[in-house]
Structures are given as C-alpha cells and as structure tokens.
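Derivation of every value follows stated rules applied to the coordinates shown; laboratory data play no part. The model shown is predicted, which means the values in this text are computed figures rather than measured ones. In this analysis, Cβ positions are derived from the backbone assuming ideal geometry, glycine residues included, and neighbour counts consider all displayed protein chains.
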Amino acid sequence: MLINARVDIALGNDITAPIAIAEFRKAGGIKVFDRDKVVLIPDHFTPNKDIDSAQQCKFMREFAREQELTHYYDVGEVGIEHALLPEQGIVLPGDLVIGADSHTCTYGALGAFATGVGSTDLAAAMMTGEVWFKVPETIKIVFHGKTKKWVSGKDLILHIIGLIGVDGALYKAMEFTGETVGQLSMADRLTIANMVIEAGAKNGIFIPDDITKAYVEKRAKRPYSFYNSDPDAQYADVIDIDVSKIEPQVAFPHIPSNVRGISQVGNVKIDQVVIGSCTNGRIEDLRVAAGILKNKEAAPYVRLIIVPATQEIYKQAMKEGLIEIFIDAHAAVSTPTCGACLGGHMGVLADGEKAVSTTNRNFIGRMGHTGSEVYLASPAIAAASAVLGRIASPEEL
Amino acid sequence: MKFRGRVWKFGDNIDTDAIISARYLTTSDPKALAAHCMEDADPEFVKKISVGDIIAAGENFGCGSSREHAPIAIKTAGISCVIAKRFARIFYRNAFNIGLPIFESRDLWDLVSDGQEIEVDGDNGSIRILDSNRGPLRIEPIPLFMQQLVSDGGLMKHIAKKKV
C-alpha cells in the first residue's frame, strides 16, 4: 500500500542537505513548510575538513539562516545528528521522521517511525511537508533471557545482522520485543535501532515503555504519543533470540554480517581504535570504555580516538572524570563529528591498517584506504582491544 | 523506455561507498562525482565504459549510506540503466527520484557476461541478450506510482505537476 504522510521532522546533514537545498530552489521553493520541523545538522565533515567541505557547510548555513530554522546547530553546539536529536527532545515518540541519512532509523528506539531517504525526498518534504511511503511488512524480533557480562545493544544487533544478513530485512520494519527489552537502556535501544539499516530494514521500532517515558519526559518541549502494535498484527517473520547464549560480537571486514563471537576472533593485531559515532558515542558507551581504560594505556603503536557524540555528552564525561581517564590512556578525544566513521577526517586509515571501531559499517574503504580493514564491535571490546593491541575481551585484562 | 548497451557486472551487496566513496563527497557536482563512479569496486570502471552501457548487479545493490550522490554518479557517468537482482531500499527510491532507470531481474546476472550487449525494453518488461539464442528475460513490474515518477522526470517535477 502506498501512502502520502505528513512528516514531523525532516533532517539533513552537510553532505546530503546541499543537494536537497539545490533541488528545493530549482523547484521554485521559497520557504520551507515549517521552520520548526526542518532540521539541518552539519556533523559529517565538520569542523570543516577542507575548503570544499567548508563551501558545502557555508551553503547549508546560509540556507538555515535565510529560513530561520529553529533547529540548526553549528560547530560548538552541534552533535552527531542521531545522538543530538533524541538528546535534545527534537524527535519524540510517535513522530514520523525522515532524514537524508541512512541512520535516521535510530529514532525507532523512542517508538517513532524514522527512516532514511535521499536528498530529493528531503527536498520534497521541505516543500510539501509530505513524503510518499510504501507500508512495510514487519519482522518481529523477540529477545529472551539475561545478557552475559559485556554484552550490549551493539552485540545484540550485530548478532541479528549476522543471523539474517545485510539484506535479511530488506524493505521491512523490524520490531524489537520480548522480556529482555525491559532490561535494555535507552542507549542500548538507540544502538540497536541505529543499525537495522545494516540488515536492509526500512526502520526498527521499540514499543515505548517506562524507560522511554523516563528518557523523554525531561526532554520533550511538545506533546508526543506512545503507540503499541495491534494485538492481531501480522508479521512477515518472528525470530526468537535467547540473549543469554550471545557473547560479545565482532563484525569482520568487509560486511557487517560477517560476525563472530569474541572467542572465535583469533589473534588480530590492530593499528587504531575508534570509540564514538551515532551508534556508540553516548555517555553510557564512554562510561563502559572508561571503566576498562582506567589506569591503563593504549598499547604501543595503537592510536585510540574517542569521540563523544554531543557537547552535552562531552561535558558530562568531563564532570565524571572520563576525559581524564581517556587522556591518561593516551587517547585523542575529539569534538563531536562523524569524520572517522566514513573515512572523512579525524582518523583516516592507511593501506594495510586495521581498526576496531564502535561505528556501524566496515565496507571496503569505509574508514580510509581500500586496503584497510574495519572490525565493528562494542565500546567494551574496543577499549580492551586498544589496551592489548589486538581484538580482545575485557575479560583478558 | 528502451536501452541498448554493453553490460558491466558487479556482485552482491555493492554498497554506496563502493559506488561513490565518502572521500569524494565534499562536492555534489555531478561530473566530479561521475569521475569516481564505482571506483572502489573497479578502479578502471570509468575508463572502460561508453555512454549507454548498463550495470548488471546481484543482490542488494546500493546498500549502506543514503547518499544520492551514488545514483547521480552512475547516471552522469553515462550508464543508461542498472539491472539488479534486488536493490537496497534507499537507493531504489533515490534512483527513481533523480530519474535513473533501474530494473529488477532475477535471471540476467547469471546469464550475461561482462561486455556482452543487451537490449532492455522497460515498456513491455523484457531484456534480450544479443548474440544469444535465449528468449527474452522478464523484468519485475515497476509499481504504477514509480512509473509516473520516471515519466514525469523525477520526484520534484512530479510534485510540481501535481500542484498545477
């Protein structure tokens, strides 16, 4: 079934918005449909990595000023979009969110319908406030049991991607339910929803509960709605997962479904560790990393880069003494940016180099040279790996 | 919509980083993007293709990032259409929205070789492999709404037409 739907939030970043703005103008657009609902976030190649990216950001900044957008955040205020929007209560449960960024699906953690689109879809939404959708079928994922030590939301979603493949949920929604969900923090849920696109899904969604309520009630500045699944809902597939059987997961190059348990990794020596991104750059992630890095140092010749995803997270990490722990561990702590995750800047890999990263993609050349390798893992595995100079579990420390 | 051109084959799960790497996304100039089209999957690609050539791919073509720069790079490089077993969702939308013709065929990939010429008839939904005895292959039908997008010349023109 095809529908036209009103959007609550339409999002773009410094890579995708310039095309959307050009299309908007080319089609005769003068004012965006609602200046409170069009959100522009320069987070990818910022702080500007070179002259060309500076030009792109300038183009977007001028548009944001001209349109008097309520939600435009520049360097110094900006965070990684999918961490910033939930944190600031810009996206809320029950919203329909489109973003010209594939990880827009992150907001499903709040019980919003959120999906990635391209720049032209964003341009159309900026003009009309509407987007066309095909209503997706849904795969239900039911989590049972209690997670083992060091197993996080990242491990659960990597496990699922390994199970169903990078196209296992193509065109479909993924709904996460089951008794374990009640034990998952909002940070874990955001990580899980963030990576459903890596299974090809259109969106991922959690039914809002008390954890959702506690997260949003102090952030929301407008009304929001909690929606439940229909009791008689039909599912394309139901997948039961006993989380107690899952150990920390590592996705080997060059596809996120190439997943192994940490006990099956073997001796993989590494050159760099990145802890951050829209997937795993939240305060909970930094706390886990700091707990492991405290009174330790990155192994010789291993570069450790830690990127708090927003300014609020950065400040909180300072208050809690986490930044000091990181610097004492010889980490470079960066201002929020997507840079390293997509091989833009702030940690680009050379030929033959291997990185453990808490990000979301390990495609060929994703973080730099096409001869480099990216291993995706949780903050716990990443931190332990930094100390030992090879992919490792905190249990080995 | 009819296309005739040589086929260039790519496998399963060709991601948008392979189609156009993020290191080139400091611009949205179509020609600058086209110069690096498919570079991380085949560094020689841009040199060996001619205008009108066709990409044949396996499962989940265009997975990963939402960057519209990917179909723009393919279209501007001169590729007339892409035929895959299946497309990733955002790439599928983007291709229609910018007017890059794409078709789904389960059979073509296994039957065609690199450099072989094919003829695609988007109107009657068939593909013919030239210099082969095989009968026409079927293309998956394109939803009516998507056909309208293509015939209107992309999403923005479709919206403009609806407004009038």
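Rank these for me by crowding, A:T70, A:T359, going from fewest to most other beta carbons within 10 Å.
Ascending number of Cβ neighbours within 10 Å: A:T70, A:T359.
Pairs A:K213/A:K354; A:K146/A:K218; A:K172/B:K157; A:K172/B:K75; A:K58/A:K154: which exceed 31 Å Cα-Cα?
Going by Cα-Cα distance, A:K213/A:K354; A:K58/A:K154 fall outside the 31 Å limit.
Under 8 Å for C-alpha pairs, at least 6 residues apart: give me the relative contact order for chain A, rounded to a whole percent.
17 percent
Work out the mean other chain Cβ neighbour count within 10 Å for the residues of B:26-34 and drop it here as an integer.
4
Loop-only trypsin sites (Lys or Arg not before Pro) in segment B:67-109, please: DSSP not H, G, I, E or B, and at most 16 other Cβ atoms within 10 Å.
B:R106
Can you put A:T138, A:T337 in order of Cβ neighbours within 10 angstrom, beginning with the fewest?
By the 10 Å Cβ count, ascending: A:T138, A:T337.
Just counting partner chain Cβ atoms within 10 Å, what average do the residues of peptide A:358-369 show around their Cβ?
So the per-residue partner count for this stretch is 4.
Taking the Cβ of A:I283 as the center, what net charge do the other residues with Cβ under 9 Å away carry, scoring Lys and Arg +1 and Asp and Glu -1? Provide the component values of the computation, followed by the final result.
On the way: positive: A:R282, A:R287; negative: A:E284, A:D285, A:E312, A:E320.
Combined, the nearby Lys, Arg, Asp and Glu give -2.
Near A:E320, within a Cβ-to-Cβ distance under 15 Å, what is the net charge of the other residues, with Lys and Arg +1 and Asp and Glu -1? Working shown, then result.
Details: positive: A:R282, A:R287, A:K294, A:K315, A:K319; negative: A:E284, A:D285, A:E312, A:E324, A:D328.
Once positives and negatives cancel, what remains is 0.
About the Cα centre, and with charges only on the beta carbon of Lys, Arg (+1) and Asp, Glu (-1), how big is the dipole of segment A:132-280? Nearest 20 debye, please.
Roughly 540 debye for segment A:132-280.
Net charge near B:N97: determine it from the other residues with C-beta under 12 Å of the C-beta of B:N97, scoring Lys and Arg +1 and Asp and Glu -1.
The answer is -1.
Please arrange B:I102, B:I159 by counting, for each residue, the other beta carbons lying within 10 Å of its beta carbon, fewest first.
B:I159, B:I102
By the gyration tensor of its Cα atoms, with a ≥ b ≥ c the square roots of the eigenvalues, what is the shape of chain B: rounded for a/c under 1.5, prolate for a/b over b/c, or oblate?
oblate
Need one value for B:65-76: mean number of C-beta atoms belonging to other chains within 10 Å of its residues' C-beta atoms.
For this peptide, the per-residue mean of nearby foreign Cβ atoms is 5.
With an 8 Å cut-off on Cα pairs and a minimum separation of 6 or more residues, tell me the relative contact order of chain B in percent.
Numbers: 342 pairs, mean separation 39.2, N = 164.
Dividing the mean separation by the residue count of chain B yields 24 percent.
Once amide H atoms are placed 1.01 Å from N in the peptide plane, what residues at a sequence separation of 5 or more from A:R390, or on another chain, have their amide H within under 5 Å of its amide H?
Those lying under 5 Å, H to H, from A:R390 are A:I270.
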